Amino acid sequence: IPCGSDDYNAIVPKSAVFEDAGGKFVLTVVSKSSPLGNRYYAERVDVTVVASDETASAVIGGINYGDYVITASSKPVSPGDQVRMKD
């Protein structure tokens with residue numbers, strides 16, 4: 001991605017960036033502990049795309065290094081949905 005001297009938080013697959021009336025966002029996975037172990041939930045993170053090519057987008061926003069980004073799913077996923085991570 002030709003970003004020049006621009007700063008960005010992460011590079012994500014282009015398929016992970018969604019857009020609605022509220023703007024562009026990605027879905028990340030957050031972990032919450034329960035008596036039966038960890039549960040994973042989808043969380044909306046608003047981002048700004050600063051550059052993109054055919055396969056990836058450089059984004060800035062509330063995403064950090066090490067965050068798990070949902071790139072594909074077997075069913076539609078909405079913020080707040082419980083998800084299962086593939087090994």
- Query: Which of the peptides 77-84, 24-31, 38-45 is most tightly packed, and how do the rest follow, going by the mean number of other Cβ atoms within 10 Å of each residue?
  - Reply: 24-31, 38-45, 77-84
- Query: Of Asp20, Asp46, Asp67, which has the largest mean-square fluctuation in a 10 Å C-alpha GNM of the chain?
  - Reply: Asp20
- Query: Nearest 20 debye, what's the magnitude of the dipole of the chain about its Cα centre given +1 on Lys and Arg Cβ and -1 on Asp and Glu Cβ?
  - Reply: 480 debye
- Task: Within the set of other residues whose C-beta is less than 12 Å from the C-beta of Gln82, count the net charge using Lys and Arg as +1 and Asp and Glu as -1.
- Result: +2
- Task: Treat each spin label as a single point 7 Å out from the Cα along the C-beta direction, and report the Ser73 to Ser34 distance in nm.
- Result: 1.6 nm
- Listed by chain and number, the aspartates and glutamates with an alpha carbon less than 16 angstrom from that of Lys86, same-chain partners under 8 positions apart left out, are Asp67
- Query: Per residue, how many Å² of accessible area does the stretch 1-82 show with a 1.4 Å probe?
  - Reply: 66 Å²
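The values are calculated or read from the model by the stated rules, or taken from the named source; none is laboratory data. All of these numbers come straight from a predicted model, not from anything done at the bench. Backbone-built Cβ (ideal geometry, glycine too); neighbour counts: all protein chains shown. Accessible surface areas use protein heavy atoms only, side chains included; no ligands, DNA or RNA. Shrake-Rupley method; radii C 1.70, N 1.55, O 1.52, S 1.80 Å.
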